[in-house]
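Student: Please see the structure below; I have some questions.
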Amino acid sequence: RWWAHIFLSWTRLAPSTVLSLPVSLFLTLRHPPIAMGNEISKVFKERLRRQARESRNQDSATTAATLSTSERNSNFRWDDGRRYHAVPDSLYCLPNDDQEIDRLHSQHWMLKHAFKGNFKAPVEEILKEDGTNVLDVGCGPGTWLLEMAESYTMPEFYGVDISAVFPETIKPGNCHFMVANIVEGLPFPDETFDFVHQRSLALGLREDQWSVAIKELKRVCKPGGWIQLVEMNADVVNAGPLLEEFNSQAVRACISRRLNPSIARSLKSLLKNAGLAPVRSVYVSLPIGWGGSLGELVRGDIKELFVSAKPWLCKAFGLYDGEEYDRRLESAIEECTKHHAYYDWFIAWGQVPGEEEEEEEEEKEGGEE
């Protein structure tokens, strides 16, 4: 089951350890209780790690053989105790270690709850058909893809990322992962996929690379297929003074690297400019630490995001040492409830024109010229 795959990548346990855990534990996360908020991570990870300690001796050989493939084959670097990719020319600045993978897993549940599903593009019917191909670009640990592959067993699902932090052994038979960088081109022929999904690459693509990336997404998508983009707008609303300070510094650091942390507001126009039609976009405002259990999940996500960015932001501005950064971050997150701070997340989706539509459009444009 996919939830075992997620736990495997989440905790780096041996497959036999994960598969021996109580089924009730996985069933709880299959439909994660939103009311648990951040306690999801604390409770489940502690139980898993306790199980890991008890079975470490018998599973150590399996763990080494099965789970260290990424470690051996990937190019990593370390900074302030955190592990990062070492891909030349890549701007992505967040870690790819277990702590960051935990955050991405939790963020997936948060977004699924907020958007009431894993997709907005009208692809429900084609996901039930044999021969359908789905691509997830920037898949990270593969949470979205693993759940989709479990929910829809007919299609083939492919995930690509610059770091091999996804499951390599224990995964559904219709789920495939590989290392690839969209900026360098995707390793697929033209018109391969019926549905292409991309999430949270605002910190990985320069502003001038977005049109190139979407052109590449369009290249591998079939005529009539759909492309969906998901991003957070980094312009925090109703921030208190401390969060505003943190957020402003992060935005300035991104801009200095030619990133656009507010690209979410432009997703719809980017798809339109690439020739997709129709194109739609929706957004949700996610409260940070207020508004119920969803706000608690968002609070945990934002706090861990800034924790992950700590080495980068401290060096970018040289304003804080590590301990001062931690104190200020804790206070910044706490004031979110008082000020009712929130971030907006956007989803935009559009359809790649069919061959007949493209021919008609070319003729019309030629006539105008």
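Student: Quick check: with the 1.4 Å probe, what order do MET178, MET232, MET110 take by accessible area, largest first?
Tutor: Ranked list, largest accessible area first: MET178, MET232, MET110.
Student: So what is the relative contact order of the stretch 70-356, in percent, for Cα pairs below 8 Å that sit 6 or more residues apart?
Tutor: 20 percent
Student: Taking every alpha carbon pair in the stretch 188-316, what does the distance histogram look like in 10 angstrom bins from 0, in percent?
Tutor: 11, 37, 30, 19, 3
Student: Read phi for every residue in the stretch 332-348 and hand back ³J(HN,Hα) as whole Hz from Karplus 6.51 cos²θ - 1.76 cosθ + 1.60, θ = phi - 60°, with x for Gly and Pro.
Tutor: Coupling constants for the stretch 332-348: 5, 5, 5, 6, 4, 5, 4, 8, 6, 6, 7, 10, 9, 10, 10, 10, 10 Hz.
Student: What list of ³J(HN,Hα) values in whole Hz, one per residue of the stretch 240-245 in order, does the Karplus curve 6.51 cos²θ - 1.76 cosθ + 1.60 (θ = phi - 60°) give from phi, with Gly and Pro shown as x?
Tutor: x, x, 6, 5, 4, 5
Student: Further question on the same structure: Residue by residue, what Karplus-based ³J(HN,Hα) values in Hz, rounded to whole numbers, does the stretch 262-268 have, using 6.51, -1.76 and 1.60 with θ = phi - 60° and x for Gly and Pro?
Tutor: Ordered by residue, 3J(HN,Hα) equals 10, 4, 4, 6, 9, 4, 4 Hz.
Student: For the stretch 164-241, compute Rh as the Kirkwood radius over C-alpha pairs and then the Stokes-Einstein diffusion coefficient at 10 °C and 1.306 mPa s; write the answer in µm²/s, rounded to an integer.
Tutor: Estimated via Stokes-Einstein, D reaches 107 µm²/s.
Student: Okay, moving on. With every protein chain kept in place and ligands, DNA and RNA left out, what is the accessible area per residue of the stretch 70-356? Probe 1.4 Å, answer in Å².
Tutor: Accessible area per residue: 41 Å².
Student: Using only the alpha-carbon atoms of the stretch 88-133 as identical scatterers, what base-10 log of I(q)/I(0) does the Debye formula give at q = 0.16, 0.22, 0.31 Å⁻¹?
Tutor: Log10 of I(q)/I(0), two decimals: -0.72, -0.85, -1.04.
Student: Could I ask something else about it? Stokes-Einstein D for the stretch 70-356 at 10 °C, 1.306 mPa s, Kirkwood Rh over Cα pairs, in µm²/s?
Tutor: Result for D is 81 µm²/s.
The values are calculated or read from the model by the stated rules, or taken from the named source; none is laboratory data. Note that this is a predicted model, so its numbers are computed, not measured. For the accessible areas, the whole protein counts, side chains as well, though only heavy atoms, and no ligand, DNA or RNA atoms are used. Shrake-Rupley method; radii C 1.70, N 1.55, O 1.52, S 1.80 Å.
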